[in-house]
Amino acid sequence: MENLTTVSLDKTSTVLKLLGDKTRLKIMALLHNRECCVCELVEILHMSQPAISQHLRKLKDGKLIVEHRKGQWVFYEWNTNSEHFSLLESILEYIPNVKHELEELDNKGLRIICR
């Protein structure tokens, strides 16, 4: 039988593996600033919608993000109830700020389309 430390270590290892991919790490940085829909992430990351959706699925399966629907759009945001929330916030202190990329997106008017 595994003890609590081993289980916690396994879960933390899984989270770190998820964040070991630079695309998923950047998605988490973007979502730390605000919720986003897939179309916004496609525009910022210059990747296909299926590729972005696959990364989002992995983050969602890892319980790092949650989704909610607004009309026809699905938005993603940090799972603030995640047991690894403080770990994620600590990691993002070492990641360059991506807020300017979201502001550029707003200036293009894409945010309005997704609403």
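The values are calculated or read from the model by the stated rules, or taken from the named source; none is laboratory data. Note that the structure is a prediction, hence the values are computed from the model and not measured. Using ideal geometry, Cβ is built from the backbone for each residue, glycine included, and neighbour counts are taken over all protein chains shown. Please note that ligands, DNA and RNA were not included when accessible areas were found on the heavy atoms of the full protein model with its side chains. Shrake-Rupley method; radii C 1.70, N 1.55, O 1.52, S 1.80 Å.
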In the list VAL74, VAL66, which residue meets the criterion of being open to solvent by 30 Å² or more (accessible area, probe 1.4 Å), of a type outside the set (D, E, K, R) and modelled with pLDDT of 95 or more?
VAL66
Checked the stretch 1-25 for anything open to solvent by 80 Å² or more (accessible area, probe 1.4 Å) and either at pLDDT below 90 or assigned to a loop (DSSP other than H, G, I, E, B) (or both); matches are MET1, GLU2, ASN3, LEU4, THR5, LEU9, LYS11
Scanning the stretch 45-61 for residues that are open to solvent by 70 Å² or more (accessible area, probe 1.4 Å) and either part of a helix (DSSP H, G or I) or of a type in the set (Lys, Arg) (or both) gives GLN49, PRO50, GLN54, ARG57, LYS58, LYS60, ASP61
Inspect the stretch 65-72 for any residue being in a helix (DSSP H, G or I) and acidic (Asp, Glu) and give the result as yes or no.
no
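A quick yes/no check of all residues on (1) among the basic types (Lys, Arg); (2) under 22 Å from LEU102 (Cβ atoms):
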{"site": "VAL15", "(1), (2)": "no, no"}
{"site": "LYS22", "(1), (2)": "yes, yes"}
{"site": "LEU25", "(1), (2)": "no, yes"}
{"site": "LEU30", "(1), (2)": "no, yes"}
{"site": "ILE65", "(1), (2)": "no, yes"}
{"site": "TYR76", "(1), (2)": "no, yes"}
{"site": "PHE85", "(1), (2)": "no, yes"}
Here are the criteria: (1) more than 23 Å from GLY109 (Cβ to Cβ); (2) in contact with a Lys or Arg (Cβ under 7 Å, 6 or more places away or on another chain); (3) open to solvent by less than 50 Å² (accessible area, probe 1.4 Å). Tell me which single one VAL98 does not satisfy.
(1)
Restricting attention to the stretch 65-83, which residues are touching a strand residue (DSSP E or B) at 6+ places or on another chain (Cβ under 7 Å) and touching a residue at least 40 places away in the same chain (Cβ under 8 Å)?
TRP73, PHE75, TYR76, GLU77, TRP78
If you go through the stretch 8-32, how many residues are over 17 Å from GLU67 (Cβ atoms) and in contact with a helix residue (DSSP H, G or I) (Cβ under 8 Å, 6 or more places away or on another chain)?
8
